[in-house]
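Trainee: Just passing along the structure, written as structure tokens.
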Amino acid sequence: MRRRADTPEEAAFRTEARTWLEANAERKTGVGDWSAGPRAHTVEAEDEYWEKMKAWQRRKFDGGWAAITWPRAFGGRGGTPVQAIIFAEELAGFDVSSGFIDAAVGLIGPALIRFGTPEQRARFLPPMLRGDEIWCQLFSEPEAGSDLAAVRTRGVVDGDDLVLNGQKVWTTSAQYADWGFIVCRTDPDVPKHDGISFAMVDMRQPGVEVRPLVTMKGDRHFNEVFFKDVRTPLANVVNGLNRGWPVTTFVLMNEGASIGTTSHGRFRIADLVGEAVENGRFEDAVVRERLGAGYVEERVLELLQARLKGAILDGRRPDVDGSVLKVFSAESGHRKAELATWLQGAAGMLAGHDAPMDGRWQESLLSRGATTVGGGTVEVHRNGLGERALGLPKEPRLDRNQPFKALRISGQ
Amino acid sequence: MPLVLSDFSLSPEQVEFRDTLRRFFETHAPIGETRRVMASGEGMSAELWKNAGAELGLAGLAIDEAQGGQGFGLKELAIALSEAGRALAPMPLFASAALAGRVVANVVGAGDRAAWLAPLAGGQIATLAWLEAGGVSSSERIRLAAKPAGATHRLSGEKRLVLDGGQAERIFVVARGGGEGGGDGLGLFAVDVGTPGLAIERQEAFDVTRPLACIRFDEVEARAVGRPGEDGAAIARGLEEATVLLCAEIVGGMQRVLETAVDYGNARYQFGRPIGSFQAIKHKCADMLIDFEGGRTAVEAALAAADDDDPERGLLASVAKAHCGPAYVRMAIESMQIQGGVGYTWEYDAHLFYRRAQSCALLLGTASEHHDRIARVLAAERGQASGCGRRGGEGR
């Protein structure tokens, strides 16, 4: 289960990566690292964070490190998945972040490589990877959450353009985006999955209105986005008109898998043990019992993640379903935050700088939705595990064999 | 359609070994055989042990070839226990090869391995008697006394909860005293069944597929396996390995109860559809899969650490047991629940797995005991251990 030793070629690559990083970034100090996120939930602080991320992305691109596994033709390094893991391992020690830039690149990039035309790839991939064009994902709508194929935003062909009208929601970073990839309804007269198109749209044009939504945690990284007669050339449709659903599911699978493999990072049980020892609560058997239980979940998650990574390192197909990691990571992460604030006792009522450990655990409690809902709810992922991994029958559906426009929606 | 789960972490040879064992147990240890043994009071299937333990060589898998064993590592023994656990095979493989086998191997060290390990490899049925009244698995609770008597020792006291104690031919006993007075005070002694002063009595076991016995020792002649009074650390190490092996047995059972639940969810129709299409059932199965994947991943890590003598081996053994014990219980219960009314009949097998799960969760440290141990290890690692943080390595 432990990381096997590098081969000579891998060791050379690791040295090359580390040398470049040492020359181009500062090491994390654990105190005041900018990569930990915006210093406050203000527009100014978030703008500043974005400028730093963009600058880092550009530097990474210019050094040839922005996408290890992508072909060189698209600005990648043409490397192996093993090299991508090695670079990520080295990168983890440095005070840098590409934040949502990387996430968007990871979602739309592979979809364009897989489904895009040569012209689409050449036009969009290099500036995306360099951080010159920031992307957002325009998927969810008020009436299309877990049931994403129920999107109602209309795309109507007019000459050489697609004309968009409708509303998207939970759109992360739309306020920073130059481009978006949108799932829209181009034919309401056929069953829902057959009338969907996947297109790229310029976000910096009249008719696109972005309204920030403030999360319960207080940050404003996602938005509502309204489209009023917004045009995008038909040349920006991916995989052809009304053939957008396979592209959409491809993106969704990547998204769910990436959320499950994110580690709990700086939220460690070991830190809680240290705190408990210092404040004397470690003498309490109930405290030790709960800390030990928390560690079991933390370690089991890490072992599952290492197993997924090990499969990639050995060139095997991953043999554990990504949804196992997603559900376990999301739910155990929240339990860990509950444990941390329980340990704080009444002091856990505080938040921010007044709270123990600068309120990181209180923030973690309030980040719950980002993992248990974002990237697919844990319930949808459990359906996937039941059906895909275990082969249980699908739920009978009422929305398969009739035109989309005949389906019932909430409130009607 | 049978549920296909990946052969995670197994080499091609190990996959073949696993498949061979699965076919063997399906043929020679169908659940009917387990039930026949249960009803007969024999405690085990002598025929199965002769075939599996001796002829297939399962009893000596992890014993060196020089002592007549197969010379494999813990991994192969784990595979065998996993398949035996899946089948609820009525034979003392865990007691003999894992519990007695690992404790003896650690205690005897470079000593007279042939004397103690060769009979085990040859299929001698052995077990370990370490728990006493109260069942608390802490070495401090051991009272059974060993006294030197010439070249041998005499044991007096009582052991309880001895796995397969009614079937064993040789009992390895953890006793206090008998040494020079230094060391930790514990020693491992061997007593052959039939020795005067030994009284073995069956205890009624919740897990009806694995018998337990209470054994009384009245000045029973015993031979020391290691160094009396100084075996504590080696015994603890052996128990730690046995804990990981018990988790391997658990994983085999977990997979079986998950498969049963999924099969039932596909086959059983209510309201005009398979019940597995309802989210209430599907989500239970998804949670079982998450428990199972976590379990086998943790066991894999603990096995690798034990085989490599990794400094984290104790911690990972505790992580594995703390996860696998409660997870198997949850899974056995959910599998039984999914099977509805028939699930709680005597005739259906769901309760047999539930009984096994419940017993496995309590044997070799409950989850809470391991949680406590883990917390102490973490505190010690931070170099901030308070008075109660320095005892992470003690025996169970």
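The values are calculated or read from the model by the stated rules, or taken from the named source; none is laboratory data. Keep in mind that what you see is a predicted model, and the values were worked out from it rather than measured. Here the Cβ positions follow ideal geometry from the backbone for every residue, glycine too, while neighbour counts run over all protein chains shown. Calculation scope for accessible area: heavy atoms of the full protein, side chains included, ligands and nucleic acids excluded. Shrake-Rupley method; radii C 1.70, N 1.55, O 1.52, S 1.80 Å.
Trainee: Of all accessible surface on the protein assembly as shown at a 1.4 Å probe, what whole percent is carbon and sulfur?
Mentor: The value for the protein assembly as shown is 52 percent carbon and sulfur by accessible area.
Trainee: Here is the link list: A:LYS336/B:LYS282; A:LYS336/A:LYS394; A:LYS217/A:LYS394; A:LYS217/A:LYS309; A:LYS168/B:LYS284; A:LYS326/B:LYS321. Which ones come out longer than 28 Å on Cα distance?
Mentor: Pairs exceeding 28 Å: A:LYS336/A:LYS394; A:LYS217/A:LYS394; A:LYS217/A:LYS309; A:LYS168/B:LYS284.
Trainee: So what is the accessible area of chain A per residue, in Å², with the probe set to 1.4 Å?
Mentor: 45
Trainee: Right, here's the next one. If you take each beta carbon of peptide B:293-304 and count the beta carbons of other chains within 10 angstrom, what is the mean?
Mentor: 5
Trainee: Separate question: Where Lys and Arg each count +1 and Asp and Glu each count -1, what net charge lies around B:ALA146 among other residues with Cβ under 10 Å from its Cβ?
Mentor: +3
Trainee: Let me ask you something else. Can you give the calculated 222 nm mean residue ellipticity of chain A, where each DSSP H run of n ≥ 4 adds -39,500 (n - 2.57) and the sum is split over every residue, rounded to the nearest 500 deg cm²/dmol?
Mentor: The per-residue figure over chain A is -14000 deg cm²/dmol.
Trainee: Enter the mean number of other protein chain beta carbons within 10 Å of the beta carbon of each residue in A:375-388, as an integer.
Mentor: If you average over the peptide's residues, the count of other-chain Cβ atoms is 4.
Trainee: Moving to a separate point now. Please work out whether segment A:10-123 counts as rounded, prolate or oblate from its C-alpha gyration tensor, where a ≥ b ≥ c are the square roots of the eigenvalues and a/c under 1.5 means rounded, while otherwise a/b larger than b/c means prolate and anything else oblate?
Mentor: oblate
Trainee: Please say if segment B:160-285 is rounded, prolate or oblate, where rounded means a/c under 1.5 for a ≥ b ≥ c the square roots of the C-alpha gyration tensor eigenvalues, and otherwise the choice is prolate for a/b larger than b/c and oblate otherwise?
Mentor: Judged from the Cα gyration tensor, segment B:160-285 comes out prolate (a/c at least 1.5, a/b above b/c).
Trainee: Quick one: grab the alpha carbon gyration tensor of chain B, order the square roots of its eigenvalues as a ≥ b ≥ c, and give me rounded if a/c is under 1.5, else prolate or oblate depending on whether a/b is larger than b/c.
Mentor: The shape class here is prolate.
Trainee: On to the next question. Using a 10 Å cut-off around each Cβ of peptide A:273-283, what is the average number of partner chain Cβ atoms that fall inside?
Mentor: If you average over the peptide's residues, the count of other-chain Cβ atoms is 5.
Trainee: Given an 8 Å cut-off on Cα distances and at least 6 residues of separation, report the relative contact order of segment A:28-79 as a percent.
Mentor: 17
Trainee: Which whole-number percentage describes the relative contact order of segment B:250-396, with Cα contacts under 8 Å and a sequence gap of 6 or more?
Mentor: Rounded, it is 24 percent for segment B:250-396.
Trainee: Shifting gears a bit: Excluding B:SER359 itself, what net charge comes from residues whose Cβ is under 13 Å from its Cβ, given Lys and Arg +1 and Asp and Glu -1?
Mentor: For residues surrounding B:SER359, the net value is -1.
Trainee: Per residue, how much accessible surface does segment B:141-252 expose to a 1.4 Å probe? Answer in Å², no decimals.
Mentor: In whole numbers, segment B:141-252 has 39 Å² accessible per residue.
Trainee: Moving on. Over chain B, what is the relative contact order in percent, taking alpha-carbon pairs closer than 8 angstrom and at least six residues apart?
Mentor: 15
Trainee: Would you please put B:321-331, A:390-400 in order of how densely packed they are, using the mean number of other Cβ atoms within 10 angstrom per residue and starting with the highest?
Mentor: Sorting B:321-331, A:390-400 by mean packing, highest first, produces B:321-331, A:390-400.
Trainee: Here's another thing I want to ask about it. Between A:ARG123 and A:VAL190, take the C-beta separation as r, use R0 = 41 Å, and let me know the FRET efficiency to the nearest 0.05.
Mentor: 0.85
Trainee: Moving to a separate point now. Using a 1.4 Å probe on protein heavy atoms only, how many Å² of accessible area do B and A hide from each other, summed over both chains and rounded to 100?
Mentor: 4000
Trainee: Something else about it: So which GluC sites (Glu not before Pro) in segment B:41-124 end up in coil per DSSP with only 16 or fewer other C-beta atoms within 10 Å?
Mentor: When the GluC sites (Glu not before Pro) of segment B:41-124 are filtered for loop state and at most 16 Cβ neighbours within 10 Å, B:GLU42 remain.
Trainee: Restricting the count to DSSP beta bridges whose residues both fall in chain A, what percent are antiparallel, rounded to a multiple of 5?
Mentor: In chain A, DSSP labels about 85 percent of beta bridges as antiparallel.
Trainee: Between segment A:155-231 and segment B:231-294, how far is it from one alpha carbon centroid to the other, in angstrom?
Mentor: 43
Trainee: Also, I was wondering about something else. Taking the highest mean first, how do the peptides A:191-204, B:363-376, B:289-302 order by number of other beta carbon atoms within 10 angstrom per residue?
Mentor: B:289-302, B:363-376, A:191-204
Trainee: Can I ask one more? Using r as the Cβ-Cβ distance of B:ARG268 and B:ARG382, and R0 as 45 Å, what FRET efficiency do you calculate, to the nearest 0.05?
Mentor: For R0 = 45 Å, the calculated efficiency reads 0.30.
Trainee: Moving on. For the protein assembly as shown, what proportion of DSSP beta bridges, expressed in % and rounded to the nearest 5, is antiparallel?
Mentor: Antiparallel bridges: around 85 percent, rounded to the nearest 5.
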